[in-house]
Amino acid sequence: MTDAALATDAPVIRSEDAAWWRQAVVYQVYPRSFADADGDGLGDIRGVVQKADYLAGLGVDAVWLSPFYPSELADGGYDVADYRDVDPRLGTLADFDDLVAALHARGIKVIVDIVPNHSSDRHALFQAALAAGKGSPERDRYIFRDGLGENGELPPADWASVFGGPAWEPVGDGQWYFHHFATEQPDFNWDNPDVHAEFLHTLRFWSDRGVDGFRIDVAHALSKDLPAVLPSQAELDAMDTTTGHHPLFDRDDVQDIYREWRQVFDEYDPPRIAVAEAWVATAERRARYATPEGLGQAFNFDLLEADFDAAQFRDIVADNLAQSAATGSSSTWVLSNHDVVRHATRYGLAPRRGNPAKQGSAWIIAGAPADQIELARGSRRALAASLFLLGLPGSAYLYQGEELGLHEVGDIAPEDRQDPAFFRGADPDRDGLGRDGCRVPLPWTGTGASYGFGTAGAHIPQPAWFSDYAVAVEDADPASSLNTYRRALALRHELQTGESLEWLETGRADVLRFVRPNGWQVVTNFGMEPYPLAAGEAPVLGGLVDGAVPAETTVWLRG
Ligand code: GLC
């Protein structure tokens, strides 16, 4: 069978039942950087519509759209000014309806991003809070406190925001508001019933428009319990985040919110699904977000934070399969997203001096000079890790461009950067470079202005080497990363089976091999020595050299 035939002819299992999400491949679209249909340099909803066939040909089960709502773009759209509309620069609600129709017609589900911890400071509710003044019901929807000092001229606490700089901002009347993230992202007060009503309205609004599910941003931070006298940052830092009673993070009572949301999800048929973005301390804490009475599923970032290392991968898989079995959820697997250094690049970096344990981790230098990145090795390892992940039971979350084997762009000029983490000086783990390097608009063609992204250039400039990774270029090469992902996704549909695996003995610490209930096997050689298979074992995905799995390569065998 040819590659093209495999991509389109393989039986596609896209169940309409309530469990469709359990082993889905979900593809994250970062809309402003995906495809620009109207030629203003910014990706848009129609751009995604135009690529619906590309997504279907790739073989994904669902598309998760990062925020496309009206926003001043203080944080790439995660500062939402209106939860129930489309940013006019990205299109209209009618365009959104067309997108849902285009994806559904191809059997692809649609997941949208809900950002409930904070709104934009341009949101009508926050503007009303500013206008209404101290002590008003409007202010109670956000987290306002009187400043310290004679006239409230000092912040209520010395807390730092996630993006760097202070987390409290004065509003000019002696009061200050709290923002975990950028100044333009005031945190909601989830003790206020109006905030609950606002989000129930939003969940129904998108569900009624045919959306199949929701990705919940910063799901672990909504509930807060702030005492009258606020602790200092140092005191906060010293507090245990695993007790469920931290003032700011991963509080047990945050689940009350999600139980309320579950009622809404279950009003629909099939029920709407949700996946929590919860950066919590342990797999056990994460499981709390993934119960059937709550959000149902939670991102597991363990592989994303791991080195390219067989022992680490095996422990992480075993731990998370045990957790999901215990909660009735299904595991999720992620190697890249819009917040971390692309995994092809992570895996190509040498160990950080003095901290070899951090090799390949998400927290390593995004902007390392080219001569410090082993590009080919990073690409090879990235493909091996992705094919390992795609063979696992559970859902796989892919980030746009990873199917191309795309690398992080490290050398974006300061004036072209957009990420508040860069401007506010946070993110020391990325040497202060922020997250723009994984958000550069995709290359669709090997030549032409913005490599086929649009007609008017790209809102973050693309480097010349993007040409090599363009969809059209990889399309023509049967051995490309893109065609390998297509084959893998088509085969995954064909081979998909029960949600478990059994490890097989390999006799090598750097080789993992597992078998799924129907006999589908995945073999990953994390090391540099070829790993011979038994005579007659012929992979359906990935090639052998002289009967052996080459260095840093994954192969699949049919049962
Ligand atoms: C999440 C998003 C990230 C955003 C932050 C604040 O972590 O993934 O991109 O900056 O929330 O909304």
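Quick notes on this one:
- Positions within the stretch 88-116 being hydrophobic (A, V, I, L, M, F, W, C) and not in a helix (DSSP H, G or I), in sequence order: Leu90, Ile108, Val110, Ile111, Val112, Ile114, Val115
- When the criteria are applied in full, Ala219 fails the requirement of being surrounded by fewer than 20 Cβ atoms within 10 Å (Cβ to Cβ) and either assigned to a helix (DSSP H, G or I) or within 16 Å of the ligand (Cβ to nearest atom) (or both).
- Taking the criterion of being of a type in the set (Val, Ile, Thr) and modelled with pLDDT of 95 or more, the residues of the stretch 266-290 that qualify are Ile273, Val275.
- From the list Gln255, Gln263, Gln233, the one residue that fits, being touching a strand residue (DSSP E or B) at 6+ places or on another chain (Cβ under 7 Å), away from the ligand (no atom under 16 Å from the Cβ), over 22 Å from Phe68 (Cα atoms) and modelled with pLDDT of 95 or more, is Gln233.
- Filtered residues of the stretch 163-181 (kept if of a type in the set (Gly, Ala, Ser), within 21 Å of Gln418 (Cα to Cα) and at pLDDT 95 or above): Ala167
- For the stretch 86-133, the set of residues classified as surrounded by fewer than 19 Cβ atoms within 10 Å (Cβ to Cβ) and within 16 Å of the ligand (Cβ to nearest atom) consists of Arg122 only.
- Positions within the stretch 134-182 being farther than 17 Å from Leu226 by Cα and within 16 Å of the ligand (Cβ to nearest atom), in sequence order: Val162, Phe163, Gly164, Gly165, Phe181, Ala182
- Residue count for the stretch 132-152, restricted to those that are free of Cβ contacts under 8 Å to residues at least 60 places away in the same chain and part of a loop (DSSP other than H, G, I, E, B): 11.
- Extreme residue, nearest to Phe96 (Cα to Cα), among residues of the stretch 68-84 that are within 14 Å of the ligand (Cβ to nearest atom) and touching a residue at least 60 places away in the same chain (Cβ under 8 Å): Tyr83
- The single condition among (1) modelled with pLDDT under 95; (2) in contact with a His (Cβ under 7 Å, 6 or more places away or on another chain) that Arg32 does not meet is (1).
- Residue, nearest to the ligand (Cβ to nearest atom), within the stretch 266-291, restricted to residues that are of a type in the set (Ser, Thr, Tyr) and either in contact with a strand residue (DSSP E or B) (Cβ under 6 Å, 6 or more places away or on another chain) or farther than 21 Å from Leu321 by Cβ (or both): Tyr289
- Looking across the stretch 486-540, the residues that are among the β-branched types (Val, Ile, Thr) and either touching a helix residue (DSSP H, G or I) at 6+ places or on another chain (Cβ under 8 Å) or more than 12 Å from Thr554 (Cβ to Cβ) (or both) come down to Thr497, Thr506, Val511, Val515, Val522, Thr524, Val540.
The values are calculated or read from the model by the stated rules, or taken from the named source; none is laboratory data. Computed from a predicted structure; not experimentally measured. All Cβ positions, glycine included, derive from the backbone under ideal geometry; neighbour counts span all protein chains shown.
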